[in-house]
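Asker: Could you have a look at this structure, given as structure tokens, before my questions?
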Amino acid sequence: MSANEAGTGQRTDARLSELSPRLASAFTSLFLMMIVVYFLFPIVWLVTAASKSTTALFGSTSFGFSGPFELWHNISITFSYDGGIYGRWMLNSAIYSVGASLIGVTTAAMAGFALAKYDFPGRGFLFGVVLSGVLVPATVLALPLYLEFSRVHLVNTYWAVLLPSVVNPFGVYICRIYAAQAIPDDLLDAARIDGCSEFRIFWTVGVNLMKPVLVTAFCFQVVAVWNNFLLPLIMDTSSHLFPLVLGIYEWNQVSQRGGAPPFIFNIILTGSLFAFLPLGLAFLFLQRSLRRGLAIGAIQ
Amino acid sequence: MSAVGTDIPILRKRRRNDRPGSSVLAPLALCFPFFAFFALFVIVPVVYAVVLSTKEIHRSGLGLAPPTSRFVGLRNYVTALGDGRLGGGLVRVLEYFLVQSLSMLVLATVIALALDRTSSRVGKAVVRTVCFLPFSMPLVVGSVMWSFLYAPDLSPIVHAVRSAGISGFDPLSPHLIFWGLTNILTWEWTGYNVIILVTALQAVPPEVIEAARMDGASEWRLATLIKLPLLRPALVMATLFSMIGVLQMFGEPETISAITNSISSDYTPNMYVYTTAFTADLVNYASAIAVVLAALTGILSFVALRATRRISAV
Amino acid sequence: MATSWRQHLGRRIGAAAAVAVAIAVTASVSQAGTDGGRTRLAPAVVHFWSWDPNMGSLVAQFNKSHPSIKVVLSDINPEYAKLSAAITAGNPPDVAQIEFQALPQYIATGALLDLSKDGFDKYKSSFPGWAWSQVTQGGGLYALPQDAGPAVLFYRKDLFAKYHLAVPTTWPKFAAESKSLHAANPKAYLADFTANDPSWLLGLMAQAGANWFGISNNAWKVSINDRPSIKVANYWQGLIKSGAAKTDPGWTAQFWHDLTDGSVLTWMSGGWAADLITSQCPSTAGKWGVAQLPQWGGAPASANIGGSTDAVFKATKNKAAAETFVAWLNTTNESWKNLYSKVHLVPAYLPAFKLKAVNSKLPFFGGQNLAPLLKTASSRVNTAFTWSPITEALYTQAGDLYGQAISGKGTLAGSVASLQTWAVQTLKAGGYPVAR
């Protein structure tokens, strides 16, 4: 694009090429704003629904707030209903998802690193096994898992949900891809020459370079375990072991039976709102620390 | 560095010593924890399910005594392969893949690229968090939410469409349910794919972008000729996981089925597995259907991976 | 040194894990109810699975008055998937609440205790004939009836007055009023055909004389497409076709909204529905009335929709305690006083209808006392009505078929015919002998 040519055509061209980045920029921002509206719209609805009374809820189609603003009231009955079981359910969800994800991402990172950076017999086979792990639908694994845990009398305990949730084939997959791209062989060789054991190399070199994918894998697994419904449904009979999603499901079922308290729908909606907002907040927080970590890596 | 290394005999010798027998032990040891969990909680149940699929229930008399199960070989598989409900469900999920998954991936790519050229850090964080929220919403919550958002008389969306003068808009009706469910899937999973693609874009070296910009490339050219090709591995992975996810679709149609007459209990193959196992108590047949579904998913994944490898090789 | 640090950490983790495992194992062992040997005076533990939200207060009441027994309640939704899995694994609860329609399925597992061997036959006369016949099979008694769901007509008294409608006493009158109402106000319907709730339609078919299953010569008889069923199917097909019946799925936000804002004026359901209307449509308080179902002619008839029983499992380690609890819960007035007022169940136990608590005037229903109405309806249920072991699957299949018929792919009568074929196939696939 030489600037040496004269002529009106070239001048309009130059003006257009000045305009178009700004126009394109405006379009991009507009597009992204529309996307944000699309994703947020149902969630905003949930917030306004959680602030309504039952009458207002079933009586109107309005999107905004209508009737008396009862969000704080709904929140307080949600957290105090049935002896405060909601708080217990939230704690259980945190235990299951954080616990399983910590172990899960660690084991996935180890396996992904090994599969990416070492050439050993059976490597292709093992990777194939990992991929095939995502092929079998959970609906058919639920009953055999139940029978397995029943045999060792671990049904209806924390382990029944925690242990199977550790398995994260997707984590192995993305760790392997990332490790293959982001960890240079030379770095590993240099560490070996310095006399480091393979495990030490993984913990110091591997994990450091894999931080972004570890955070992503952790976030995804936390969400998957937090929302896992079928496994606790089959394993747990005691209410105090339920994760939040199962608890809300129970409340939803109860609302269809006789004897439910009149505010059951309010606590279902309010409870639903708080069932995943913590995840969003945690993600926001982790994203910021991840960006900081990436920046540090870039400086290095 | 390797060029330097080969010149110096001492270093070369040390290199070979660094791959003794322990270098087979190390990766296997690193893999062990994952595969131990995997064996216990995936392989054992899968084997059990496969064994179940080769059996059948037998009762004597009126059926007042507990049933026994007997081995019938591949009979359940023969039935499954001729089962129109399974076939219909498979065709349906393939339709969803071709329409919903592919368009969603295009949308996710556009969003990721648009996000990449945004300079506002706050804007980026907002969009990324907003992308994260839909798929982090538990299905149970989604079902309650959509039962209101799609209910003809309670939905603000339907209300708005009606006010605009368009009649007959009912996302739960038989002729619109495909789009109603597609919308839910797109709303739920686009953000997930955006995050994958954005993470992949972060791996693009900034020097490459700078060099291209200095060469005078427009943003459009930058996106299509540089970023897109670099996104290919992530896109392939995202497409693959979308396909597997859609083939195994269960939660979303299951939760919507309670509020509409347009979704049957065998709408997707995975729903058919669930109904057969837990409602009809036919665990043997359900296991056979699940194995057929898993095998089909595996074959399609294999074909898809092969096809993309051939494309990138060209 | 690095190695000793790692060993130290490893030891710490190992100890923590051991403690955690110990806690988990102890917790699960005590939950399994094997604490009979812990203290000499420990009460006998009875594990009870139910899904009624307020059953806890009944359990507490029982435990207080029976200090040698401790009933532990598990609130379980959905119960049947878990119950089937637990039976397969060999660790069912001691007592479980099982609906009438699901009982044959659990009898067929062989896991239920035959209560007739422990003298429970003495309760026969305290229950309506249909309830007793539905808990017996092949000469054995497998559960005690708990609550019933006699089908009645719930209607919006205020809107009936507004549209000058009389309470329809026959089905032809019901059809005529549906059409005239809808003609007067296209947004209003007399009834909503809930295709996703096949128990509702089956109740109406049973009222017309349908009886889909029977046992003869040690084999199951299937007669789903009998004449009453086809008659009722065609009746509703006509109403739907003429646009006089709404077709919204039941038990949804939209459904409660319909009942609240007057889009739908009636709901025919079991007596327990009174409680649901009260909680889901609070702004319609005082506007409802309850009447017997419209009739086809001949002897007055009703049907039972829903209702549950309580069964004891063979695997129980505390049989006497479990049986004491089941008997107390279902056949004592002190239990029924609270079962009615706190759990809002309609008694199957006939003497309970004499209780003052059961005969309360309900302000939500304009001060009406529902008990006499419900008792009469219960007495009009077909005593020969029989459930099959495949009810859950049958309802799922029926829901699919009715939904398709509503969407224009076929007719309700056609659905009934398909259901007949399907049921015969499914019984055979489950290993049950089917009579030809």
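Asker: Does C:Leu144 satisfy the condition of being closer than 15 Å to C:Val326 by Cβ and at pLDDT 95 or above?
Answerer: Numbers: closer than 15 Å to C:Val326 by Cβ: yes; at pLDDT 95 or above: yes.
Judged against the criteria, C:Leu144 is a match.
Asker: Okay, moving on. Return the only residue of A:Gly171, A:Gly104, A:Gly87 being surrounded by fewer than 21 Cβ atoms within 10 Å (Cβ to Cβ) and not aromatic (Phe, Trp, Tyr). Break it down into steps so the answer makes sense when it comes.
Answerer: Details: A:Gly171 fails: surrounded by fewer than 21 Cβ atoms within 10 Å (Cβ to Cβ); A:Gly104 fails: surrounded by fewer than 21 Cβ atoms within 10 Å (Cβ to Cβ).
Exactly one of A:Gly171, A:Gly104, A:Gly87 is surrounded by fewer than 21 Cβ atoms within 10 Å (Cβ to Cβ) and not aromatic (Phe, Trp, Tyr), namely A:Gly87.
Asker: Take A:Ser165 and tell me if it is more than 8 Å from chain B (Cβ to nearest Cβ) and of a type in the set (S, T, N, Q). Walk me through how you get there before you give the answer.
Answerer: On the way: more than 8 Å from chain B (Cβ to nearest Cβ): yes; of a type in the set (S, T, N, Q): yes.
Here the answer is yes, as A:Ser165 does meet what is asked.
Asker: Having 1 or more residues that are of a type in the set (Gly, Ala, Ser), within 30 Å of B:Ser163 (Cβ to Cβ) and at pLDDT 85 or above is the bar; report the helices (runs of 4 or more DSSP H) wholly within region A:1-119 that clear it.
Answerer: Details: elements: A:8-50, A:54-59, A:71-117.
By residue number, A:8-50.
Asker: Moving on to the next point. So which of B:Pro233, B:Pro269 ends up being more than 29 Å from C:Lys409 (Cβ to Cβ), touching a residue at least 12 places away in the same chain (Cβ under 8 Å) and within 13 Å of chain A (Cβ to nearest Cβ)?
Answerer: None of the others qualify; the one that does is B:Pro233.
Asker: Return the residues of region C:353-388 that are of a type outside the set (Val, Ile, Thr) and under 22 Å from C:Thr136 (Cα atoms); say none if nothing qualifies.
Answerer: Filtering region C:353-388 down to residues of a type outside the set (Val, Ile, Thr) leaves C:353-357, C:359-375, C:377-380, C:382, C:384-385, C:387-388.
Within region C:353-388, C:Lys375, C:Ala377, C:Ser378, C:Ser379, C:Arg380, C:Asn382, C:Ala384, C:Phe385, C:Trp387, C:Ser388 meet the criteria.
Asker: Check whether at least one residue in region C:397-404 is in contact with a Pro (Cβ under 8 Å, 6 or more places away or on another chain), outside the structural domain of C:Val135 (by TED's automatic domain parsing) and not in a helix (DSSP H, G or I), and report yes or no.
Answerer: no
Asker: Next up: Report the residue count in region C:401-421 for those that are within 30 Å of B:Arg70 (Cβ to Cβ) and either at pLDDT below 95 or away from chain B (no Cβ under 14 Å) (or both).
Answerer: 1
Asker: Test B:Ser287 against the criterion of being facing another protein chain (nearest Cβ under 7 Å), over 20 Å from B:Leu102 (Cβ atoms) and either more than 22 Å from the chain's Cα centre (by Cα) or at pLDDT below 90 (or both), and give yes or no. Show your work before the answer.
Answerer: Values: facing another protein chain (nearest Cβ under 7 Å): yes; over 20 Å from B:Leu102 (Cβ atoms): yes; either more than 22 Å from the chain's Cα centre (by Cα) or at pLDDT below 90 (or both): no.
For B:Ser287, the condition - facing another protein chain (nearest Cβ under 7 Å), over 20 Å from B:Leu102 (Cβ atoms) and either more than 22 Å from the chain's Cα centre (by Cα) or at pLDDT below 90 (or both) - is not met.
Asker: Would you pick out the residues in region A:193-244 that are in a helix (DSSP H, G or I), hydrophobic (A, V, I, L, M, F, W, C), touching a residue at least 12 places away in the same chain (Cβ under 8 Å) and closer than 18 Å to A:Gly112 by Cα?
Answerer: A:Ile201, A:Phe202, A:Val205, A:Val207, A:Leu209, A:Val213, A:Leu214, A:Val215, A:Ala217, A:Phe218, A:Cys219, A:Phe220
Asker: Something else now. Specify the residue that is farthest from the other protein chains (Cβ to nearest Cβ); the eligible residues are those in region B:153-179 that are under 17 Å from B:Ser264 (Cα atoms) and surrounded by 19 or more Cβ atoms within 10 Å (Cβ to Cβ).
Answerer: Step one: filter region B:153-179 for residues under 17 Å from B:Ser264 (Cα atoms), giving B:171-179.
Now drop any that are not surrounded by 19 or more Cβ atoms within 10 Å (Cβ to Cβ), which leaves B:171-172, B:177.
On the way: B:Pro171: 12, B:Leu172: 8, B:Ile177: 9 Å.
Residue satisfying both the conditions and the ranking: B:Pro171.
Asker: Ok, one more. Determine which member of the set C:Leu329, C:Leu374, C:Leu339, C:Leu350 is surrounded by fewer than 22 Cβ atoms within 10 Å (Cβ to Cβ) and either more than 20 Å from C:His47 (Cα to Cα) or of a type in the set (A, V, I, L, M, F, W, C) (or both). Spell out how you get there, then give the answer.
Answerer: On the way: C:Leu329 fails: surrounded by fewer than 22 Cβ atoms within 10 Å (Cβ to Cβ); C:Leu374 fails: surrounded by fewer than 22 Cβ atoms within 10 Å (Cβ to Cβ); C:Leu339 fails: surrounded by fewer than 22 Cβ atoms within 10 Å (Cβ to Cβ).
Only one candidate passes the filter, namely C:Leu350.
Asker: I want to confirm something. Restricting to region A:238-249 and keeping residues that are under 23 Å from the mean Cα position of the chain (by Cα) and either closer than 14 Å to A:Tyr158 by Cβ or facing chain C (nearest Cβ under 10 Å) (or both), which single residue is modelled with the lowest pLDDT?
Answerer: First, the residues of region A:238-249 that are under 23 Å from the mean Cα position of the chain (by Cα): A:241-249.
Filter once more, so that each one left must be either closer than 14 Å to A:Tyr158 by Cβ or facing chain C (nearest Cβ under 10 Å) (or both): A:241-243, A:246, A:249.
Values: A:Leu241: 92, A:Phe242: 93, A:Pro243: 94, A:Leu246: 89, A:Tyr249: 85.
Among residues in region A:238-249 that are under 23 Å from the mean Cα position of the chain (by Cα) and either closer than 14 Å to A:Tyr158 by Cβ or facing chain C (nearest Cβ under 10 Å) (or both), the one modelled with the lowest pLDDT is A:Tyr249.
Asker: Looking at this structure, is B:Ile259 touching a helix residue (DSSP H, G or I) at 6+ places or on another chain (Cβ under 8 Å) and within 14 Å of chain C (Cβ to nearest Cβ)?
Answerer: Values: touching a helix residue (DSSP H, G or I) at 6+ places or on another chain (Cβ under 8 Å): yes; within 14 Å of chain C (Cβ to nearest Cβ): yes.
Against the criterion (touching a helix residue (DSSP H, G or I) at 6+ places or on another chain (Cβ under 8 Å) and within 14 Å of chain C (Cβ to nearest Cβ)), B:Ile259 qualifies.
Asker: Go through region C:54-72 residue by residue and tally those that are without any contact (Cβ under 8 Å) to a residue 60 or more places away in the chain and buried (at least 17 other Cβ atoms within 10 Å of the Cβ).
Answerer: Selection size over region C:54-72: 3.
Asker: Would you be able to tell me the number of residues in region C:73-95 that are at pLDDT 85 or above, in a loop (DSSP other than H, G, I, E, B) and surrounded by 23 or more Cβ atoms within 10 Å (Cβ to Cβ)?
Answerer: 3
Asker: Let me ask something else about it. Are any of the residues in region C:381-393 modelled with pLDDT of 90 or more, charged (D, E, K, R) and either buried (at least 18 other Cβ atoms within 10 Å of the Cβ) or not assigned by TED's automatic domain parsing to the domain that holds C:Gly129 (or both)? Please lay out each step first, then the result.
Answerer: First, pick out the residues of region C:381-393 that are modelled with pLDDT of 90 or more: C:381-393.
Applying the additional criterion that residues be charged (D, E, K, R) yields C:392.
From what's left, either buried (at least 18 other Cβ atoms within 10 Å of the Cβ) or not assigned by TED's automatic domain parsing to the domain that holds C:Gly129 (or both): C:392.
For region C:381-393, residues modelled with pLDDT of 90 or more, charged (D, E, K, R) and either buried (at least 18 other Cβ atoms within 10 Å of the Cβ) or not assigned by TED's automatic domain parsing to the domain that holds C:Gly129 (or both): present.
Asker: Among the residues of region A:252-275, which ones are surrounded by 23 or more Cβ atoms within 10 Å (Cβ to Cβ) and more than 9 Å from every other protein chain (Cβ to nearest Cβ)?
Answerer: Passing the criteria: A:Asn266, A:Ile267, A:Thr270.
Asker: Among the numbered criteria (1) touching a residue at least 60 places away in the same chain (Cβ under 8 Å); (2) touching a helix residue (DSSP H, G or I) at 6+ places or on another chain (Cβ under 6 Å), which single criterion is violated by A:Ile177?
Answerer: Condition not satisfied by A:Ile177: (2).
Asker: What do you reckon, is B:Leu201 in contact with a Lys or Arg (Cβ under 7 Å, 6 or more places away or on another chain), closer than 24 Å to A:Pro212 by Cβ and more than 10 Å from every other protein chain (Cβ to nearest Cβ)? Let's see the steps before the verdict.
Answerer: Numbers: in contact with a Lys or Arg (Cβ under 7 Å, 6 or more places away or on another chain): yes; closer than 24 Å to A:Pro212 by Cβ: yes; more than 10 Å from every other protein chain (Cβ to nearest Cβ): yes.
When the stated conditions are applied, B:Leu201 passes them.
The values are calculated or read from the model by the stated rules, or taken from the named source; none is laboratory data. These figures come from a predicted structure and were not determined experimentally. Here Cβ is always computed from backbone atoms with ideal geometry, including for glycine, and neighbour counts include all displayed protein chains.
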